[in-house]
Every structure is written in C-alpha cells, then in structure tokens.
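The structure under discussion appears below in the form of structure tokens.
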Amino acid sequence: MHRTARTVSIAVALATTFGISACGSSGGSGVAADEKQTLTVWAMGTEGEKLGEVASAYKKVNPNVTVKVTPIGWDVAHQKLVSAAAAGNLPDVTQMGSTFMGEFAELGVLEPVDTKEFKKDDFFPAAWEGNVVDGEVYGVPWYVDTRVLYYRTDLAQKAGVTKAPANWAELAKLASVYQSKAGSKWGISLQPYNLDVWQNWLPFFYSAGGELIKDGKPALDSEAAVTSLKEYATYFEKGLAKKSVQPGYDVIKDFGNDSVPMFLSGPWQTTNIAENQPQLKGKWAAAPMPAGTSSTSFAGGSSLVISKDSKHKAAAGEFIKHLTSAKGQADWYERTTDLPAHQGAWSEGKLASDPNLKVFRTQMENAKAIPALAKWAEIGAKIDEAIESVTQGKASPEEAAKKMQSATEGLVE
C-alpha cells in the first residue's frame, strides 16, 4: 500500500451498466439499497483523489445514491481510522490497506463480507486471504500489487546477459557483472533498513519456503528465515547494494542514470519510469522474483470494507460490488493503473497484452500476503530491526532470526 506519488491520465467517463438491486450484499438492518441516501467513503492516496470521478459516474446510473468520497493521506490514515473506530464514526465504506485489516477486524468494527455475493475464486488467492481473520472474511479485494524485479536490459546485454535472472544464483551473477562489465556503480538496490524494510525482504523469505505464522505462532527462526536473511545480506556484504540510503531515496533516478540497474518494487514503478525516465523506453523489463526454492513474492494492495455501524450496508455492498467487479476494476485500472484484484479484469486490453503487466499477473499467481494480524505493525517493526542488524553487519542471520522469533512470540494471539 506504500507507493510513490503518481500522475495518471484521466479516462473517459464511466461507461457502466451496473444497477442497484433491492437487497445489499452485506445484509443487516438499515436503509434499503434503492432508497435515496448518501454513502460516505474514505479512500487513501491516489485512490482517494480519483474515486470521486467514479462516484459521480455511479450517481448518474444510480440517482438515489450520492457517494461522498473523503480523500485521506496514507501518512495519517491509520490514526484517523483508529480515532473514528474508537468514536463509532467510521464511514460506510473504507479503503483498508493490507497491513491494517487484522487490527480493525479484531476491533469488531467491520461488517463480515457476504461470501455468497463476493466469490473467493474471482480474486487472486493472496488478495482474498489477506482479508480472512479467524475464518471470517472482512474485506473485498480492490486492487493488488506485488513485488517483481525491475532490470536494465541494455546494460545486461552490455555485460553479456540476454535473459532475466531466473534464480538467486543468476540474480547474484547479474548484479556482479553489472558492476564489472557494464560500468554500473551498484548491482542492485535493496532497502537496507528503515520502516517496512520487511516488504523488500519478504520475497526472499517466501521464495525460500518461509511462513510468517505456522500453527498459530511466529515461524521466524526457521531455516527459510536464516537462508533468506543470508541471501539478502550477501548483496550488502559484497558491495553490490548500498548499505545506507537517504530518506526519500529515489531509486528511479539512479535506475535512469545507470548507477542502479536492478531493484524490487511494485507495479506503480512502470508509470514512474515512463514519466520520469523516458529515455529508458525499450531498455528495461520486469521479471518475476528470481527463485529460491520457488518464485514467491509479497502481495499487497487494498480492500474495501463496510463499517459494522453503517446504516447503509445494502447500498455500500452494491457500491463495493461495482468497484470490485471485473468490469469495474478494468475501468479503475484505466483511471489509476491500479492492478485489478479480480482475475476476470485481466482478459482484455493492455492488461491482457502488455508483457510487463503479464509479469505482475504471473507473480500474483505466485504471491503471498501477510496474515491479517491485530498487532502486525509491532511485528513488522521487530522484523525491520532484525533485517537492519544483518545488513549492517551487527548480527548473523542465525542471531537475527532467533531475535525475530523471540521478539514476536508475544504479539501473535
């Protein structure tokens, strides 16, 4: 859910045939879906800026329903949601980042999803599973992201490499020859520390066969944890990746000036590269996460939830159905370049034909979300500390794995 600012083209007005049915998908008492009403919606970042367009178009087809969208910055989103939940003032519909889901589900402020209306098999498995808490589903996947490898194809060819690295050994070799044969200052950019460094490390951990939670407990001192920490750290030990970066570091700038020819990131970087480094057209590509024992990346994104206290659950369910349908998500991609969580949206247009977008679809079929845990923020912080201790040479992978395990055991209920 953390993403750089993006600018997107504005698509034509929504061409929709969606109508409102009399019964909402979430059930419960309150105003019927087709009665005159105002639906309150909170959305973050780019989504908050663009959702108003959809709300206006939605009202043209559903004149009884006014959708009032309030944009919220990601930097203040968590605190505003916590405050609103405590006061019983959550909006009818809220965009919920993947790391927030467990916390708010555990607070009991979210309406369970009607799984007869919203079908699990319509969505990527990783996107759906991130909404499940104790067997109950609390959010409908809206958009997804996953981390893949971005690499400079022109510099790779200069170094004598003509295909994307398929495994960890090939990734390390390519990082090395970028330096020795293509003149790059670094081989790859990997985040060494700071907030949410776990997002950069998880693709290594998952590709080593790791599981964050096993049998209801943290599994962070596993062989997979040690192996992946060791692999992650080797790039810093060998001088292939920067051990320190300034706040606000712009990897795309260094990608464009040849000094950093590889990095792991999400789909928003395709637009970022095109807009800010246009000279790179045809000189880079995206590739699935190089495999350890598998090629498994980290899946993030956002879902849509309904407040337990909402008096407009029926209309809220219909609006969410519109936004998360295959057609609605294809439209949303045109507006924002957010990747659809609904697999049916990928069958037409650029989503079906663009080779770099196909990489993200392939990776989403081989991706895992973080479990929806109430104390994920604290768990993530403990993992961040352990990763930093390894990349800075202050602890061995074995020591860091043991520390992660002991520090998180009391945070999983």
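The values are calculated or read from the model by the stated rules, or taken from the named source; none is laboratory data. What you see is a predicted model; the values in this text were computed from it and never measured. As a convention, Cβ positions derive from the backbone with ideal geometry for all residues, glycine included, and neighbour counts pool all protein chains shown. Ligands, DNA and RNA are excluded from the accessible area calculation, which covers all protein heavy atoms including side chains. Shrake-Rupley method; radii C 1.70, N 1.55, O 1.52, S 1.80 Å.
Only one of these is charged (D, E, K, R), open to solvent by 20 Å² or more (accessible area, probe 1.4 Å) and in contact with a Leu (Cβ under 9 Å, 6 or more places away or on another chain): 311, 321, 375, 327. Name it.
Only one candidate passes the filter, namely 375.
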_Members of region 244-270 that are of a type outside the set (Val, Ile, Thr) and assigned to a helix (DSSP H, G or I)_ = 253, 254, 255, 256, 268, 269
*Test: residue 241 is in a helix (DSSP H, G or I) and farther than 23 Å from residue 271 by Cα*: no
*Which one of these does residue 89 not meet: (1) open to solvent by 40 Å² or more (accessible area, probe 1.4 Å); (2) within 25 Å of residue 379 (Cα to Cα); (3) of a type outside the set (D, E, K, R)?*
(2)
*Among the candidates 169, 156, which residue alone is buried (at least 23 other Cβ atoms within 10 Å of the Cβ), at pLDDT 95 or above and closer than 29 Å to residue 272 by Cα?*
156
_Subset of region 68-79 [touching a residue at least 12 places away in the same chain (Cβ under 8 Å), open to solvent by 10 Å² or more (accessible area, probe 1.4 Å) and in a helix (DSSP H, G or I)]_ = 74, 78
_Looking only at region 196-209, filter to residues that are of a type in the set (Gly, Ala, Ser) and not in a helix (DSSP H, G or I); which one of those is least open to solvent (accessible area, probe 1.4 Å)?_
208
*Is it the case that region 105-124 has a residue that's hydrophobic (A, V, I, L, M, F, W, C), assigned to a loop (DSSP other than H, G, I, E, B), under 18 Å from the mean Cα position of the chain (by Cα) and modelled with pLDDT of 95 or more?*
yes
_Residues located in region 125-139, provided they are part of a strand (DSSP E or B) and open to solvent by less than 50 Å² (accessible area, probe 1.4 Å)_ = 132, 133, 137
*Filtering region 384-413 down to residues that are acidic (Asp, Glu) and over 15 Å from residue 198 (Cβ atoms), which residue is modelled with the lowest pLDDT?*
413
*Among the listed residues 70, 66, 46, 38, which satisfies the condition of being of a type in the set (Ser, Thr, Tyr) and within 29 Å of residue 202 (Cα to Cα)?*
46
*residue 248 versus (1) more than 21 Å from the chain's Cα centre (by Cα); (2) at pLDDT below 95: which is the lone unmet condition?*
(1)
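If we scan region 296-303, do we find a residue that is polar (S, T, N, Q) and closer than 19 Å to residue 205 by Cα?
Step one: list which residues in region 296-303 are polar (S, T, N, Q), which gives 296-297, 302-303.
Within this subset, residues satisfying the condition of being closer than 19 Å to residue 205 by Cα are 296-297.
The answer is yes, given that some residue of region 296-303 is polar (S, T, N, Q) and closer than 19 Å to residue 205 by Cα.
Condition check ((1) assigned to a helix (DSSP H, G or I); (2) within 18 Å of residue 407 (Cα to Cα); (3) small (Gly, Ala, Ser)) across all residues:
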site	(1), (2), (3)
165	no, no, no
179	yes, no, no
184	no, no, yes
191	no, no, no
194	no, yes, no
228	yes, no, yes
236	yes, no, no
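Pick from 215, 196: which is out of contact with any helix residue (DSSP H, G or I) (no Cβ under 9 Å at 6 or more places or on another chain) and among the acidic types (Asp, Glu)?
Only one candidate passes the filter, namely 215.
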*Do we have any residue at all in region 23-40 that's modelled with pLDDT of 95 or more, in a strand (DSSP E or B) and open to solvent by less than 10 Å² (accessible area, probe 1.4 Å)?*
yes
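A quick yes/no check of all residues on (1) hydrophobic (A, V, I, L, M, F, W, C); (2) free of Cβ contacts under 8 Å to residues at least 24 places away in the same chain:
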| position | (1), (2) |
| --- | --- |
| 329 | no, no |
| 338 | no, no |
| 356 | no, no |
| 385 | no, yes |
| 395 | yes, yes |
| 400 | yes, no |
| 405 | no, no |
*asked:* Conditions first: (1) of a type in the set (Phe, Trp, Tyr); (2) farther than 19 Å from residue 393 by Cα; (3) under 25 Å from the mean Cα position of the chain (by Cα); (4) surrounded by 16 or more Cβ atoms within 10 Å (Cβ to Cβ). Residue 235 passes all but one, so which condition is the exception?
replied: (2)
*How many residues are on the phi < 0 side of the Ramachandran plot and open to solvent by 10 Å² or more (accessible area, probe 1.4 Å) when one looks only at region 333-350?*
8
